[in-house]
Amino acid sequence: MTPFELFVGLRYTRAKRRNHFISFISGASMVGIALGVWALIVVLSVMNGFQKEVRARMLSVVSHVQVVGPRDRLMDWQYVTSQVKQNKQVVATAPYVTGQGLLSFDTTVKGIAVQGILPVAEATVSDVAKHMKHGRMDALVPGAFGMVLGRGVARELGVQPGDKVTLITPQGQVSPVGTMPRFKQFTVVGVFEMDLFQYDDTLAYIHMTDAQKLFRFGDDVSGVRLKLDDVMQSPSVARNLIHTLKADAYVMDWTQQNANYFRAVQIEKRMMFIILTLIVAVAAFNLVSTLVMTVTDKQADIAILRTMGASPGSIMKIFVVQGSIVGFIGTIIGSLAGIVTALNIDVIVPTIERFIGTKILAGEVYFITELPSDLQWMDVSTITVVSLILSLLATIYPSWRAARINPAEALRYE
């Protein structure tokens, strides 16, 4: 690229055209590219925000890593705990007992997942105690058979703290008429709300000692939960424990426990990127039309430049410069607008809600009531590069066509 080609290309970009329609199409192409880039940055930032928010709420309940015994029964869990604590990434551990059952109150019955925990230890690996709506998690004491319910479970059963509920477990007792399920009455001592359906509507906590008696575990537990100082290191810590842990147990991290969810989010984000990139592609296609009309309009100028010694390659580069400038300006405007919007979406969305008089994310429908945004510079860089590449590709055919113009034919009727 020589100064001559840059000068003429920039001159064509700045010059007032005789054909105002070409100027309009060029401006529309620039606006289209800017809108496509703006939409891509904002949408991907919002999707990243949703993923980050849901992940944070999920990790407030789910352990970073957990060691589980075969058939959900881990023997000698104290020894397992002492082993996992040797890993420098592990900052807290908590044993638990898990089981299934039916919870009955009055005439209503609901299936639930029962978690037996030690309240003090559980508080070090999860944030459930911080989301109590009624009561306290440390109200679970051994032998008192108290229970903390998710808000969805409590609402469906119609119970409040102080009510007596009956837990029916499949670990039955043998009688002359066959195996009978076990019944145990519990007192509701608290209600928590995590704003996640799979926990609020299915989970109930009891003390681990009561769970061991109820599910006939003896001194065993189902597994041990681990909390790490860096949650993103969970997969590597889990792999390390698999090789170093000397116990008959399985090791799982939070990405494996929720693999389907995060895989779905990644696929959705990828597909959204492809769909919104089509907006930029359409604008780039308009850029092709603009340059084709410009080449047709500038045939005489091209012929004169050729007779003065300009090579076909120089003519091609002139129109590559002209088209690239339009794409570059549109990309920069769209990137700046997208960055500003993504960083201030917590101010923009409430303003729009006040203007239209309605809530975009209603609390009774969505568990996230504020539109989150997480701007990632890698996404911005990728979008900018893709937009510039599409804009550059759009200039190839019109520029090649300009380079093939025959000067004699172009000047015949001038």
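Points worth noting:
- Rg followed by Dmax, in Å, when the chain is reduced to its Cα trace: 32.6, 111
- Set Lys110/Lys213; Lys85/Lys269; Lys269/Lys317; Lys88/Lys130; Lys133/Lys227; Lys85/Lys164 screened for pairs whose C-alpha atoms are more than 29 Å apart: Lys85/Lys269; Lys269/Lys317; Lys85/Lys164
- Short-range pairs are left out: with C-alpha atoms under 8 Å and at least six residues apart, the relative contact order of the chain is 29 percent.
- P(r) weight above 24 Å for segment 130-261, C-alpha pairs, percent: 47
- Protection-proxy order for peptides 182-191, 69-78, each taking the mean of Cβ atoms within 10 Å per residue, highest first: 182-191, 69-78
- Altogether, the Stokes-Einstein calculation at 10 °C and 1.306 mPa s, with the Kirkwood radius of segment 191-298 over Cα pairs as Rh, returns a diffusion coefficient of 80 µm²/s.
- GNM remark for the chain: springs join alpha carbons under 10 Å apart, and the peak mean-square fluctuation among Thr382, Thr209, Thr341 falls on Thr382.
- Mean residue ellipticity, 222 nm, helices only, the chain: the sum of -39500 (n - 2.57) across DSSP H runs of n ≥ 4, divided by residue count and rounded to 500, is -17000 deg cm²/dmol.
- Taking the square roots of 5 times each eigenvalue of the Cα gyration tensor of segment 25-140, largest first, gives ellipsoid semi-axes of 44, 23, 14 Å.
- Carbon plus sulfur fraction of accessible area for the chain, probe 1.4 Å, in percent: 60
- Cross-link partners of Lys52 among aspartates and glutamates, defined as those whose alpha carbon lies under 12 angstrom from its own and excluding same-chain residues fewer than eight positions apart: Asp374.
- Here the spin labels are modelled as points 7 Å beyond Cα on the Cα-Cβ line, and at Val347 and Asp374 they lie 2.3 nm apart.
- For the chain, the per residue solvent-accessible surface stands at 52 Å², with DNA, RNA and ligands left out and a 1.4 Å probe.
- Largest mean-square fluctuation among Asp210, Asp219, Asp138, in a Gaussian network model of the chain whose springs join Cα atoms under 10 Å apart, belongs to Asp219.
The values are calculated or read from the model by the stated rules, or taken from the named source; none is laboratory data. Note that the structure is a prediction, hence the values are computed from the model and not measured. Here Cβ is always computed from backbone atoms with ideal geometry, including for glycine, and neighbour counts include all displayed protein chains. For accessibility, only protein heavy atoms count, side chains too; no ligands or nucleic acids. Shrake-Rupley method; radii C 1.70, N 1.55, O 1.52, S 1.80 Å.
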